[in-house]
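*Asks:* Here's a structure for you.
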Amino acid sequence: MTNLKYSVGIDGSKKDFKACLSVINQMQEVKVKASGTFTNNLRGFELFFKWVKKNSKEDLPVFYLMEATGVYNERLAWYLYQNGQKCSVILPNKAKRYLQSFGLKSKNDKIDAQGLSRMCAEQSIPLWQPLSKNIYTLRSLTRLHESLHKQRTVLNNQLHAIEYSMYELKAVAKGLQSTLNAIDKQLNIVEKQIKCLINEDISLKEKYEMINKIKGVGLLTFAVIIAETNGFEIFTNQKQLVSYSGYDVVENQSGIKVGKSRISKKGNTRIRRILHMPALCVVTHNEPVFRSLFERVYSKSGIKMKAYVAVQKKLLCLIYTLWKRNEVYDPNFKIIKNTSGNDEPKPFLSLGSVGDKISSLSIS
């Protein structure tokens, strides 16, 4: 039985990481070859790399798989990428479900590493691509902005409660107001830094000028979406983007039972949060495609929020398409009769590219 490839599962933490090296053969049998623990620093990475070479044959490819554990996996992933290794990073919930499918009752770092190694051997997982420096900086700035805004909301609520309390607490109110002023000042600084970064990056600036023609899609909305999707580099179609953002529909049906359909919300919450206000804006300003979508969904469901979520999803797909095609948004559209036998008209957007080339794009 000839071996096909080696797979290395990595379960990391702040101080160290567990690694498990397995091999899969033509009979689809996965066998563990070696396990080890290494420190989560450059010296540990070098020892880990030597350990992998020692326990694997040079004529077979080696694939690495690790969980996205905040910032603790980034240095190792970057080290492997720089050394030309095939590394993949997955969300922890996917690894958890995979391990649960084996009926394992115990959980520790060693078991997790073995599970990731087996998952890497059995599945074809997209390879990890590092963020560019500007996108990485943009992501850090937008996340800082979100964190500051959340703190501001909490303090504002506390200040409101103090103002209506039965005792007058001037000292507390003054302290809260002082902190709010400091946060407002920091928010302004972060917003200027985001604007400066986009203006200094020629590619980002050009893309923003094309996309901000959509009413309600401002600088911060653009920055968050691009930062959280790595400029859409990790997606090859809209379906992947929709799933990544948690807008994919989950059905609840079995036999004669028909439950409610809803979006999964198993995705990037920052994207869904930042698209809330733009969705309200495009509907309020009667952007043709989005307004008609809102009214259609609302008339069927009777739930306004469900209609707004549908608009958010379409907004995201439109931004993705404009980015990929390098085209400028044009709100004018024409109704084209559907020739598939369905008499319902299908909305199209007329999109003018930078070179004044006109094309039609369906976004329904």
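*Asks:* Scan segment 226-240 residue by residue and report those that are closer than 17 Å to Leu318 by Cβ and β-branched (Val, Ile, Thr).
*Replies:* Ile226, Thr229
Table: residues versus (1) touching a residue at least 24 places away in the same chain (Cβ under 8 Å); (2) among the basic types (Lys, Arg); (3) out of contact with any helix residue (DSSP H, G or I) (no Cβ under 6 Å at 6 or more places or on another chain).
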| site | (1), (2), (3) |
| --- | --- |
| Leu21 | yes, no, yes |
| Phe45 | yes, no, no |
| Lys53 | no, yes, yes |
| Met66 | yes, no, yes |
| Ser88 | yes, no, yes |
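*Asks:* Sticking with this structure for a sec: Which residues, taken from segment 178-215, are outside any helix (DSSP H, G or I) and surrounded by fewer than 15 Cβ atoms within 10 Å (Cβ to Cβ)?
*Replies:* Lys213
*Asks:* Follow-up. Is one or more of the residues making up segment 74-82 in contact (Cβ under 8 Å) with a residue 24 or more places away in the chain and touching a Ser or Thr at 6+ places or on another chain (Cβ under 8 Å)?
*Replies:* no
*Asks:* Inside segment 24-110, counting only helices (runs of 4 or more DSSP H) that do not spill past its ends, which hold 1 or more residues that are of a type in the set (Phe, Trp, Tyr) and surrounded by 17 or more Cβ atoms within 10 Å (Cβ to Cβ)?
*Replies:* In segment 24-110, 42-54, 74-82 are the helices (runs of 4 or more DSSP H) which contain 1 or more residues that are of a type in the set (Phe, Trp, Tyr) and surrounded by 17 or more Cβ atoms within 10 Å (Cβ to Cβ).
*Asks:* Oh, and also: Return yes when Leu99 is within 23 Å of Thr137 (Cα to Cα) and either among the aliphatic types (A, V, I, L, M) or without any contact (Cβ under 8 Å) to a residue 24 or more places away in the chain (or both) and no when it is not.
*Replies:* no
*Asks:* Here's a follow-up. Give segment 106-120 a look and list any residue that's of a type in the set (Asp, Glu) and closer than 11 Å to Ala95 by Cβ, or say none.
*Replies:* Asp112
*Asks:* Then there's this: Starting from residues that are touching a strand residue (DSSP E or B) at 6+ places or on another chain (Cβ under 9 Å) and modelled with pLDDT under 80, keep the ones in segment 97-133 and report whichever is farthest from Val52 (Cα to Cα).
*Replies:* Asn108
*Asks:* Could you tell me which residue of segment 235-246 is surrounded by the most Cβ atoms within 10 Å (Cβ to Cβ), considering only residues that are closer than 19 Å to Asn93 by Cα and of a type outside the set (Gly, Ala, Ser)?
*Replies:* Leu241
*Asks:* Another question about this same structure. Search segment 161-177 for residues being of a type in the set (Gly, Ala, Ser) and not in a loop (DSSP other than H, G, I, E, B), and hand back the single one that is farthest from the chain's Cα centre (by Cα).
*Replies:* Among them, the one singled out is Ala171.
*Asks:* Another question, if that's okay. Is it true that some residue in segment 143-155 is touching a helix residue (DSSP H, G or I) at 6+ places or on another chain (Cβ under 8 Å), surrounded by 14 or more Cβ atoms within 10 Å (Cβ to Cβ) and within 30 Å of Tyr64 (Cα to Cα)?
*Replies:* yes
*Asks:* Since Thr269 meets every condition but one in (1) at pLDDT below 95; (2) of a type in the set (S, T, N, Q); (3) touching a helix residue (DSSP H, G or I) at 6+ places or on another chain (Cβ under 7 Å), which condition does it not meet?
*Replies:* Exception for Thr269: condition (3).
Residues checked against (1) of a type outside the set (Gly, Ala, Ser); (2) within 30 Å of Gln158 (Cα to Cα):
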residue	(1), (2)
Ala173	no, yes
Thr179	yes, yes
Ala182	no, yes
Lys185	yes, yes
Asn188	yes, yes
Gln193	yes, yes
Glu200	yes, no
Ser203	no, no
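The values are calculated or read from the model by the stated rules, or taken from the named source; none is laboratory data. Computed from a predicted model, the values in this text were never measured in an experiment. Positions of Cβ are generated from backbone atoms using ideal geometry, with glycine treated the same way; all protein chains shown enter the neighbour counts.
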